[in-house]
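Comments concern the structure below.
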Amino acid sequence: MPTFRRLPYVKPDFLHGHPISASPFETWMKQQSVATPHPRPMHLSVDWLDGTEKIHGLLLSSNSADNLSSTLRAFVSRRREHLNTAQSIGIESYKDERKNGRFGFVAAPEDQAKMQRFYEYFNDIFFCGSLEGLCAINFTDQPFEEDAKNVEHSSLALAYTPTTGPKHRVQIPDGYAALIKIRDQSRNSPLLDEETRSKRYLEALLHEMLHVFFGVYECLCSHACKCHHVEDLGVFGHGKS
Ligand SMILES: [Zn+2]
Ligand SMILES: [Zn+2]
């Protein structure tokens, strides 16, 4: 399999999902924000030096929801020869690991390192690498708190992002902008076989990664921006329908 190295996005330092003051990331963010229009425009572009594709203009808490979703839609609607190298390799790696496991060994589905690898494949396939290194993933056998306001919920997984309320955001481990928690189904649902559980976890992972993408990059600075968010994504981030 060919190898591919993407130049990383800015390597941020985070505490409880927010950039650490005076970290290189925050300094860079300030420099960027001086002369940028609001919300910051972004688009897919290719670096002519090394052929790397990235989402140009993407910045923490700076982009509009409709620009974020239209760019992602353009990125994931491509097929076959229009895919970029990282996407093609991501798809191959995904298929290979689903079929053969890692190095020919299929681990139990409740494996954090395995989920982290699938996160990287999805990141290349669906997010143009924009979620690299931003998100920790944990399994938990605790039920999710019902009162967790401003936290994205599904029965199987949830995402804490920079826009999550402070009470819950503290759970995001240091160095990460977001946390995805997945509920361990191995004891709750003994009738589900490993393949079914794997499938459910991966579906939940991808769904939560979308929330992370918006939670990290969308601007919610003002009442107007929050209204845009609700118009474009709905109150719970799932669209209005
Ligand atoms: Zn959701
Ligand atoms: Zn704004």
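What follows is calculated from the coordinates using simple rules that are stated; it is not laboratory data. Quick caveat: nothing in here was measured; it's all calculated off a predicted structure. Using ideal geometry, Cβ is built from the backbone for each residue, glycine included, and neighbour counts are taken over all protein chains shown.
Things to note:
- Two-decimal ratio, the range 68-118, of alpha-carbon radius of gyration to 2.2 N^0.38 Å: 1.41
- Out-of-range pairs (alpha-carbon distance over 28 Å; input K167/K226; K95/K181; K167/K199; K54/K226; K99/K181; K54/K114): K167/K199
- Counted residue by residue at 0.36 nm each, then reduced by the alpha carbon distance between them, the extension gain from R73 to D111 reaches 10.7 nm.
- Length, then width, then depth: along the principal axes, the Cα atoms of the range 156-203 run 37, 17, 16 Å.
- The mean sequence distance of close C-alpha pairs (under 8 Å, at least 6 residues apart), as a share of the length of the range 38-233, puts its relative contact order at 26 percent.
- Relative contact order (%) - the range 54-131, alpha-carbon pairs under 8 angstrom, separation at least six: 50 percent
- Dipole magnitude (debye, nearest 20) for the range 38-233, charges at Cβ of Lys, Arg, Asp, Glu: 140 debye
- Three-way shape call for the range 38-233 based on the alpha-carbon gyration tensor, with the a/c threshold at 1.5: oblate
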